[in-house]
Amino acid sequence: MPQHSILYQNAEKTIFLIDIPTSIASAQELTPVQLGATLCNLYPTGNGIDNHRKRLLLSSKPLEKPYAVSTEPKSDVARARVLSRIPVSERTYQTEIIEPLVRRALQEISRAHSHSADWCRARKIRGEETRLKRKQDGAWSRTSSCEDGCSEEDALGVPAPTGPPVILSPGINMFGSRPELCNVMVRNTSSAQALLDVRCKAEPEPEHREQTTTHRHVFFVPPLSTFLLCSLPLSAEDEASEGPIPGLSPDRKFNLILLDPPWSNRSVRRSGHYQTQSYSDVGLLSKRIGDILKVHLPDNPECVSIAAIWITNGSKARRAAYDAIKGAGLSVHEEWVWIKTTTKGEPITPLEGLWRKPYEILVIGRRVDRPSDAIEPITRRVIAGMPDVHSRKPNLKEVFEQVFFSRSGSNRKTGDTCTAYSALEVFARNLTAGWWACGNEALKFNSKDWWVEA
């Protein structure tokens, strides 16, 4: 069984402390909820046990103190000028709802934690030496661009699949090049882990430019997982002909769809880590998200339908997420606040900061059978967790299962008690056992380079 990533939770399941590297590592294995459904209903091949050796995910150094704040307004006049540009409703939402909620949650976790205990597990740090790879033909090679799994150029250069999916076998599966995996549905239908061994071109050091080198790049594919490496259509020119996700049949439905869209914000634009939508396109991005939800969530009111969308701390992204959820026939049901802390539970930046908030919010919608004019309050939960490497969010599979898919966590409002569920992560950066994933970085943190034997 996977190691629990939840270090603390209250009885109401509204406050959690989660270890992020463990959450991704444990998500590589099937959970008891999934094993119950899998062994009874889905894939009667195998015994439901993954016998691979335990691995630890390489991480960044634990943050012991909050970041030094250098971007906040330096004077009261400058602060007032910035505040004047923020809508009153947005300021009220942050200062009267989110900030008090987070403060109370951190206080509760602090009371339950010993003062000497860290708010995370011990980490294996990814050092500089792990970024340099094998010595080939007398020269050191850098990690190949294959680490992310499928570049946008590769994904765009291969047509959407028309044939059957690629079914992996337990053990090693060999591929001659990275484009062989792009825009192709790849499935591990076994209850054991599979491995991808892909031939990749290496990027030579400047002093060895004349040498062309290749090496094999390995990715771990968790049991009963499916992935589709593709560039999702986000611009007006990228209209999909057969559905909002290239290569994914509109007939394929999921109880849970989790999305981490490429919203635009200052820090991401400055870093250049990945492409984002401009604010002028936020309406189009909202439409694309809504199309995914409308097509791939079941429209049967008897089935559980949950949409979860990560947003940035701005009114435009939140409104776009709300619009996408409501446009798909769902109601905004919950908001989960991921508060990023130090090893001692301090927010990494001030809660009241204007330019950089120490939290991100997951907006959750679901289909609820109730009168159209009925309005219910939004349930809010706080998930504390020390941040990890760039773009790595906590894997919330364990929390989703506790809140929505376990019998002990059945929803009192709707009476849901189901345990079997299907899930899709869109814009994924790692695979999850039993889930589907799509995006051009879906294999990113499943690269062998990110893991060490426990």
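The values are calculated or read from the model by the stated rules, or taken from the named source; none is laboratory data. Everything quoted here is computed from the prediction, not taken from an experiment. Positions of Cβ are generated from backbone atoms using ideal geometry, with glycine treated the same way; all protein chains shown enter the neighbour counts. SASA here: full protein model, heavy atoms, side chains in, ligands and nucleic acids out. Shrake-Rupley method; radii C 1.70, N 1.55, O 1.52, S 1.80 Å.
Under the condition of being surrounded by fewer than 20 Cβ atoms within 10 Å (Cβ to Cβ) and touching a Leu at 6+ places or on another chain (Cβ under 9 Å), which residue from region 352-377 is modelled with the lowest pLDDT?
Only one residue fits best here, namely V368.
So that you can scan it fast, the table gives a plain yes or no per residue for (1) under 21 Å from the mean Cα position of the chain (by Cα); (2) assigned to a loop (DSSP other than H, G, I, E, B):
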| residue | (1), (2) |
| --- | --- |
| E302 | no, yes |
| A317 | yes, no |
| K326 | no, no |
| E335 | yes, no |
| K344 | no, yes |
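Got at least one residue in region 124-131 being in contact with a Lys or Arg (Cβ under 8 Å, 6 or more places away or on another chain), among the hydrophobic types (A, V, I, L, M, F, W, C), open to solvent by less than 50 Å² (accessible area, probe 1.4 Å) and modelled with pLDDT of 60 or more?
Step one: filter region 124-131 for residues in contact with a Lys or Arg (Cβ under 8 Å, 6 or more places away or on another chain), giving 125, 131.
Imposing the further condition that a residue be among the hydrophobic types (A, V, I, L, M, F, W, C) reduces the set to 125.
The next check asks that each one be open to solvent by less than 50 Å² (accessible area, probe 1.4 Å); those that pass are none.
No, there is no match, as no residue in region 124-131 is in contact with a Lys or Arg (Cβ under 8 Å, 6 or more places away or on another chain), among the hydrophobic types (A, V, I, L, M, F, W, C), open to solvent by less than 50 Å² (accessible area, probe 1.4 Å) and modelled with pLDDT of 60 or more.
Being modelled with pLDDT under 95 and of a type in the set (D, E, K, R), is that true of even one residue in region 414-430?
Yes, some residue in region 414-430 is modelled with pLDDT under 95 and of a type in the set (D, E, K, R).
Each row is one residue, and each column tells you yes or no for (1) over 28 Å from R252 (Cα atoms); (2) in a loop (DSSP other than H, G, I, E, B); (3) modelled with pLDDT of 90 or more.
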residue: S114; (1), (2), (3): yes, yes, no
residue: K133; (1), (2), (3): yes, no, no
residue: C146; (1), (2), (3): yes, no, no
residue: A155; (1), (2), (3): no, no, no
residue: P159; (1), (2), (3): no, yes, no
residue: P164; (1), (2), (3): no, yes, no
residue: V186; (1), (2), (3): no, no, yes
residue: E207; (1), (2), (3): yes, no, no
residue: E210; (1), (2), (3): yes, yes, no
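Considering only region 382-406, state which residues are touching a helix residue (DSSP H, G or I) at 6+ places or on another chain (Cβ under 6 Å), of a type in the set (V, I, T) and in a helix (DSSP H, G or I).
V403, the sole residue that qualifies.
Name the single residue that is modelled with the lowest pLDDT among those in region 227-245 being over 21 Å from W435 (Cα atoms) and of a type outside the set (D, E, K, R).
A240
Of the residues in region 278-302, how many are modelled with pLDDT under 90, more than 30 Å from V82 (Cβ to Cβ) and of a type outside the set (D, E)?
Summing the residues that are modelled with pLDDT under 90, more than 30 Å from V82 (Cβ to Cβ) and of a type outside the set (D, E) in region 278-302 gives 2.
How do the pairs read when you match residues in region 423-440 that are farther than 16 Å from W263 by Cα with residues anywhere that are assigned to a strand (DSSP E or B) and among the hydroxyl-bearing types (S, T, Y), using Cβ under 7 Å and keeping only pairs 6 or more apart or on different chains?
W436/T226
S89 - would you say it is open to solvent by 40 Å² or more (accessible area, probe 1.4 Å), assigned to a loop (DSSP other than H, G, I, E, B) and modelled with pLDDT of 55 or more? Working first, answer last.
Numbers: open to solvent by 40 Å² or more (accessible area, probe 1.4 Å): yes; assigned to a loop (DSSP other than H, G, I, E, B): no; modelled with pLDDT of 55 or more: yes.
Answer is no for this residue.
Among the residues of region 308-344 satisfying the criterion of being closer than 30 Å to A112 by Cβ and basic (K, R), which is least open to solvent (accessible area, probe 1.4 Å)?
K340
Looking at region 60-84, which of its residues are in a loop (DSSP other than H, G, I, E, B), open to solvent by less than 80 Å² (accessible area, probe 1.4 Å) and either over 25 Å from T342 (Cβ atoms) or without any contact (Cβ under 8 Å) to a residue 40 or more places away in the chain (or both)?
S75
If you check A194 against the conditions, is it of a type outside the set (F, W, Y), open to solvent by less than 50 Å² (accessible area, probe 1.4 Å) and modelled with pLDDT under 90? Working first, answer last.
Values: of a type outside the set (F, W, Y): yes; open to solvent by less than 50 Å² (accessible area, probe 1.4 Å): yes; modelled with pLDDT under 90: no.
Judged against the criteria, A194 is not a match.
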